[in-house]
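Everything below concerns the one structure shown next.
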Amino acid sequence: MSFFRRKRLFTILISLIILVGLIGFSLRDREELSSVEEFIQDTVGSFQNVLLRPVYYVRDIVGNIDEMKHVYEENQQLKENLSTYQQKLYEVQELTKENEALQAVLDKTEALTDYQPIQATVIARSPEQWFNQVTINKGKQHGVEKDMAVITASGMIGKIQSSAQFTSTVLLLNGFDRSNRISVNVDLPETDSDAKGFILGYDDAREQLLLEFTDSYEDIALETTVFSSGLGGVFPKGLEIGSIEEVTTDQYGLTQIAYVKLSADIKELNHVIVVDRLLTSIDEVEESGDE
Amino acid sequence: MSRLFPLLMLFVLIIFQGINFLFIPNSFEANGFIVTIHGVFIFLIMIALYYDEETSYYSFLYAIISGLVLDIVYSPVIGVYMFSYAVVMYVVHHLRKVLHVNFYVASFVFFLSITLVDVIIYWVYQLIGVTALHLQSYIEQRLLMTLAINYVVFLIQFVLFKRLLARYSFERFEQK
């Protein structure tokens, strides 16, 4: 009998060691998933891609019927907006031409704003709400790499956390913490320069992003749009993130912080775009130089 | 079929874990509730109660496998679901030996094991810093609602799978 008791203790100890080992293995900062993980993720992912399609289809139809109720009001509003856009469109076309011409004069072909879009569809969301991660149906074979930005038409929603061969997981903006900052610009109305800062994390209670400015700026207007600056080395320049809701100082009164409301709706995700920055960062240049 | 059915069903349920958010009403999140549907684990309870023999440990084995797959596919931390599923399934398997299984006992086992699983998952995630929720707010915001929602899932699975599992169990273990 005492032998069994000892054996049971032994098993408990072994399983605890396995638990701690696996957690340690997955929590350390790794560049790539192991091939076993990739295989399991791809297998489940491809089945999800097929089996869950009809479910999403039904959801979209229900959503469409819901939207139809507001179609008339929206149409009126959109017509009003459209007339102002004609003017803007002309301006933008002129500016693009001018910009291209000037860049040609300067012999500058690469810019921080350039990126190649990879279209993807969300196929699953983590059942554990503490993780804020979704799975998309594009992976390494389609050119998706770790740390790429993910956007929708209305703004940025997150970045690639890990990529398998045919699927990838996306860490949404509400799961960001201090270890994955985004360098951002905020347009200042009076001067030519932009206010610079970092996205520090997500405030769960307010459901808004926390922005810390590197300097102290006086005239930051509310509702100003926040863009990525491209200086963090990972994301391209000019991705819309959100708009400023409140400007205050931090708890010690030393730095200026702001709360940013997200432009994109991260609760209702369907089609997303993975952003592959064309301009290589310094790290990547060094890596290719080593080879 | 009697051998394949539990594994096949587990795989389908693992896939459907990815759209669980569609089944949770939006008003829950607006009110600050965090709900997780443990569809796979509920099916494991059904296997333990109606499929497994006293000497076979299929529910335990399946718990380890499906826990590992859930970890890899749906979370960046591997091992948490696997550990909690395996430990609680072991307890359920031993409970089954002393209990005479009927609907009320099954409900009791369900409440006990789901509470255990969810608390272990919360406890480990809190330990490694995934969540900073305090015990009191965890119970208020997550545990009670999770139990309620999962009980509905349990009732559905009970109606759908109980007879089927009992039949396949009979075919596999008795008919020889």
(message) Considering only residues that are in contact with a strand residue (DSSP E or B) (Cβ under 9 Å, 6 or more places away or on another chain), more than 9 Å from every other protein chain (Cβ to nearest Cβ) and not in a loop (DSSP other than H, G, I, E, B), which ones fall in the stretch A:24-37?
(response) none
(message) I'm trying to understand the selection: among the residues of the stretch A:71-90, which are acidic (Asp, Glu) and surrounded by 10 or more Cβ atoms within 10 Å (Cβ to Cβ)?
(response) A:GLU74
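For A:ASP107, are the conditions met, namely being surrounded by 13 or more Cβ atoms within 10 Å (Cβ to Cβ) and either at pLDDT below 85 or of a type in the set (Asp, Glu) (or both)?
Details: surrounded by 13 or more Cβ atoms within 10 Å (Cβ to Cβ): no; either at pLDDT below 85 or of a type in the set (Asp, Glu) (or both): yes.
Criteria not met by A:ASP107.
Quick grid of which residues meet (1) hydrophobic (A, V, I, L, M, F, W, C); (2) crowded, with 22+ Cβ neighbours inside 10 Å:
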{"residue": "A:SER126", "(1), (2)": "no, yes"}
{"residue": "A:VAL144", "(1), (2)": "yes, yes"}
{"residue": "A:GLN165", "(1), (2)": "no, no"}
{"residue": "A:ASP177", "(1), (2)": "no, no"}
{"residue": "A:LEU188", "(1), (2)": "yes, no"}
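Of the residues in the stretch B:108-156, how many are of a type in the set (Phe, Trp, Tyr) and in contact with a Lys or Arg (Cβ under 8 Å, 6 or more places away or on another chain)?
From the stretch B:108-156, those of a type in the set (Phe, Trp, Tyr) are B:108, B:110-111, B:122-123, B:125, B:138, B:151, B:154; that's our starting set.
The next check asks that each one be in contact with a Lys or Arg (Cβ under 8 Å, 6 or more places away or on another chain); those that pass are B:122.
Number satisfying all stated conditions: 1.
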(message) If I filter the stretch B:43-57 for residues that are in contact with a Leu (Cβ under 6 Å, 6 or more places away or on another chain) and either acidic (Asp, Glu) or free of Cβ contacts under 8 Å to residues at least 12 places away in the same chain (or both), do I get at least one hit?
(response) no
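If you take just the helices (runs of 4 or more DSSP H) that sit entirely in the stretch B:69-175, which of them hold at least 1 residues that are in contact with a Leu (Cβ under 7 Å, 6 or more places away or on another chain) and either surrounded by 14 or more Cβ atoms within 10 Å (Cβ to Cβ) or small (Gly, Ala, Ser) (or both)?
Numbers: elements: B:80-98, B:103-127, B:135-138, B:144-169.
The helices (runs of 4 or more DSSP H) meeting that bar are B:80-98, B:103-127.
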(request) Select from the stretch B:16-41 the residues that are part of a helix (DSSP H, G or I) and crowded, with 23+ Cβ neighbours inside 10 Å and write down the one among them that is farthest from the other protein chains (Cβ to nearest Cβ). (result) B:PHE41
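The values are calculated or read from the model by the stated rules, or taken from the named source; none is laboratory data. If you're wondering where the values come from, they're calculated on a predicted model, not measured in any experiment. Using ideal geometry, Cβ is built from the backbone for each residue, glycine included, and neighbour counts are taken over all protein chains shown.
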